[in-house]
1. Taking only the range B:257-287 into account, find how many residues are in a helix (DSSP H, G or I), of a type in the set (S, T, N, Q) and touching a Ser or Thr at 6+ places or on another chain (Cβ under 9 Å).
2. Taking the criterion of being surrounded by 14 or more Cβ atoms within 10 Å (Cβ to Cβ) and in contact (Cβ under 8 Å) with a residue 40 or more places away in the chain, would at least one residue in the range B:124-133 satisfy it?
3. Looking at the range A:51-102 only, could you name the residues that are of a type in the set (Val, Ile, Thr), outside any helix (DSSP H, G or I), out of contact with any Asp or Glu (no Cβ under 8 Å at 6 or more places or on another chain) and more than 8 Å from chain B (Cβ to nearest Cβ)?
4. Just checking, which of B:Leu50, B:Leu40, B:Leu69, B:Leu56 is surrounded by 10 or more Cβ atoms within 10 Å (Cβ to Cβ), under 36 Å from the mean Cα position of the chain (by Cα) and modelled with pLDDT of 90 or more?
5. Could you pull out every one of the helices (runs of 4 or more DSSP H) wholly within the range A:136-247 that has 2 or more residues that are within 14 Å of another protein chain (Cβ to nearest Cβ) and within 23 Å of A:Val110 (Cβ to Cβ)?
6. In this structure, does B:Leu301 turn out to be in a helix (DSSP H, G or I) and in contact with a helix residue (DSSP H, G or I) (Cβ under 9 Å, 6 or more places away or on another chain)?
7. Evaluate the following for A:Arg345: is it of a type in the set (Lys, Arg) and assigned to a loop (DSSP other than H, G, I, E, B)?
8. Across the range A:72-87, what is the total count of residues that are surrounded by 12 or more Cβ atoms within 10 Å (Cβ to Cβ), without any contact (Cβ under 8 Å) to a residue 24 or more places away in the chain and farther than 15 Å from B:Ala334 by Cα?
Amino acid sequence: MADGANSAAFVEFERVQKSYDGENLVVKDLNLSMPKGEFLTMLGPSGSGKTTCLMMLAGFETATHGDIRLGGTSINNIPPHKRGIGMVFQNYALFPHMTIAENLSFPLEVRKMGKSTREEKVQRALDMVEMGAFGGRRPSQLSGGQQQRIALARALVFEPELVLMDEPLGALDKQLREKMQFEITHLAHRLGITVVYVTHDQTEALTMSDRVAVFDDGRIQQLAPPDKLYEEPQNSFVAQFIGENNTLEGTVKEIKDGIALVQLDDGELIDCKPVNVSQPGERTRVSIRPERVEYNKGRLQEGAHTLKAEVLEFIYMGDIFRTRLRVAGNDEFIIKTRNAPDVERLVPGQQIEIGWLPEDCRALDA
Amino acid sequence: MSDTTQTGPVLAADGTPLKRSLARALRMQKIRALMLIAPLLLFVLLTFILPIADMLFRSVENSIVPDNLPRTVVALQDWDANSGEIPDEAVFTALAADLKIAAEAKIHTRIGSRLNYEKPGISSLFRKAGRRVKKWDIEADGPFTEQFIKIGKGWGDPEVWRTIKTYSGTYTNGYFLNAADMQKGPDGAEWRPENEQIYFTLFKRTMFMSLVITVSCIVLAYPVAWILANLPARTANLLMILVLLPFWTSLLVRTSAWKVMLQQQGVINEVLVWLGLVADDSRLQLINNQTGTIIAMTHILLPFMILPMYSVMQTINPTYLRAAKSLGATNWTAFWWVYIPQSVPGIGAGSILVFILSIGYYITPELVGGTKGVFISNRIAFHISTSLNWGLAAALGTILLAVVLLLYWAYDKIVGIDNVKLG
């Protein structure tokens, strides 16, 4: 292959497959390429193959087929300790029999660095995560959040260019998790390191990443920046997995001028943006985000198709209103509206008409 | 009303001090808990603590001499043991009086055996004298000096009298001196002649061989425990049965099996000869020596090492090794610096178990140890059941107990006893 196209790629997976038992593929034909300095998140439900991918990159699992390249060279046959990849584990894996400083010093010691260099680097790494005074403590004497910071510092202390994180915030409470999300992103950008981050928490993925790879069934379902992923899901799985989503099922009637006319199962017609439907007569699942649904007639486009809806429940959530509707036989149709003075508060039992812009309503695979 | 301004003890709602109130509330619970463990406590007290205390006491107890030869003991006080002469007539008269009573109670032979431990030959002196003394009239038949010497020449030996005087106290350190290869000489404690020193050698051998057995158990058990800890639970449980299998076989059977394996016409030697590794006329001596004891005991005690190691290793998360490798450590470095330190509690627990068990082991050395491979416990058993010198056995046992406690203390100082995990 010519180097031109791949020279920007720092981490590459090419046609990677992985099987543990020789019967089922856990990872099916994975292709991924990331440039230096990118923060990429592998997001997916458990068993989707994301952690396996991370472990293959770290060298703890070997790919059954395919090539994994780091900085242009294949690392398939390089043992983990020679890959120079920093890693943060889910349970931190701080060595309990060593002090914090000894933990951080460990990667420097195995690299045969001198004592003064080690001490200096350890202190710098501790200061970086604002834990400068904790060098003499044992891991068990620290709180979860502090251990998390130390694990991060240890993965960074030997200055790797690539850092892998395997659900590092999973064990923290919500508030601490949100705080650490920002800290990790800021640190990664400040140091210019490339990060591969694995999580099953979509909020984490959306807030932290440059790009998100959504995994399911051993494949990347979509690889895109967070906004694209949320607003333009490529298939029903991504649409369902990321954020809240309303779905209506129907059949494509016709596709014209980039707009698909879909007949819902109860006979009503709506306009959609065809994403992965191409033929009239195809079954489709139509997906609309709750906050893109409009019931104020004045704001709807001229001639837009509307649907009748009945209000079932109105929930006041402070910053937003969350209303549950019955639409085309679906009792779980949710709409979200901003709490603003000009917004009408709906009442259960009220009959309304709802509509949306055709591009917000995506006709996906059934 | 506020308690914060109050000085003195905190009071409960009814005005009694809170501490007393709390103690009263907990007393019932404590009594109930005590009742629950009372049967076990009683059992342990009767079958363990009291016998041990009795044994410890026997190692210094010597009341048989002063109780049964009271007149002799008093009379001997004026005699100078280092004079080189036998005591005067008064002592012999006292002895005759004492022996007459003792012989009628048929106790004179026991005094003889007691003193015989210290000076061989005394037993028969007492036996013969006891038989005659019964016919004597203490008031009329004197003087006795000549008569005693006629019964046994030994009565004319100042050494015999010195022994009686030396062991005339209610308590004696004689057993302990004996156990430490020493004896009571004219000038207090002295070493026994070189060719009579056996116990120190035996203690040293017991320590050394227990140490060798412990180390070989560590070396053999570590990989096994590691494999067990890293296998899936189902397979590990299956293999665990193999580890526990020896427990279901009688100790005697296992030891006898080793006899079959190790003897010169045994399985191992036959195979080695057949393979041509060993010449037929120079078969290996694997049994009835230290090698035999070490091999058989390592096998028998191995489960006691594997089990604590396994239970500790099970708790070591494999991610630690991965973390070490991701930080740049080779397999070996990761194992040495990250895994081994975390498995030390298991090694410690196993070592203490195996070492303490082997230091007091008896059956296996007895069966496969020959003369060179026996332990101090075999000697203790000898004194308990053959020579019937219980005092010496007790002294040896006490020393063994002290050594074990000393080692335990040293372990606590060096490694720390809180570093021991049995599960």
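1. Filtering the range B:257-287 down to residues in a helix (DSSP H, G or I) leaves B:257-262, B:267-275, B:280-282.
Keeping just the survivors that are of a type in the set (S, T, N, Q) gives B:269, B:282.
Adding the requirement that they be touching a Ser or Thr at 6+ places or on another chain (Cβ under 9 Å) leaves none.
Total satisfying the criteria: 0.
2. no
3. So in the range A:51-102, the residues of a type in the set (Val, Ile, Thr) come out as A:51-52, A:62, A:64, A:68, A:73, A:75, A:78, A:85, A:88, A:99-100.
Now drop any that are not outside any helix (DSSP H, G or I), which leaves A:62, A:64, A:68, A:73, A:75, A:78, A:85, A:88, A:99.
Narrowing the set further to residues that are out of contact with any Asp or Glu (no Cβ under 8 Å at 6 or more places or on another chain) leaves A:62, A:64, A:73, A:75, A:78, A:85, A:99.
Those that are of a type in the set (Val, Ile, Thr), outside any helix (DSSP H, G or I), out of contact with any Asp or Glu (no Cβ under 8 Å at 6 or more places or on another chain) and more than 8 Å from chain B (Cβ to nearest Cβ): A:Thr62, A:Thr64, A:Thr73, A:Ile75, A:Ile78, A:Thr99.
4. Values: B:Leu40 fails: surrounded by 10 or more Cβ atoms within 10 Å (Cβ to Cβ); B:Leu69 fails: modelled with pLDDT of 90 or more; B:Leu56 fails: modelled with pLDDT of 90 or more.
Residue meeting the stated conditions: B:Leu50.
5. Working: elements: A:144-156, A:174-191, A:202-208, A:226-231, A:236-241.
Filter on the range A:136-247 gives A:144-156.
6. Details: in a helix (DSSP H, G or I): yes; in contact with a helix residue (DSSP H, G or I) (Cβ under 9 Å, 6 or more places away or on another chain): yes.
In short, yes.
7. Numbers: of a type in the set (Lys, Arg): yes; assigned to a loop (DSSP other than H, G, I, E, B): yes.
So A:Arg345 fits the description; yes.
8. 4
The values are calculated or read from the model by the stated rules, or taken from the named source; none is laboratory data. Everything quoted here is computed from the prediction, not taken from an experiment. With ideal geometry, Cβ positions are generated from the backbone for all residues, glycine too; neighbour counts draw on all protein chains shown.
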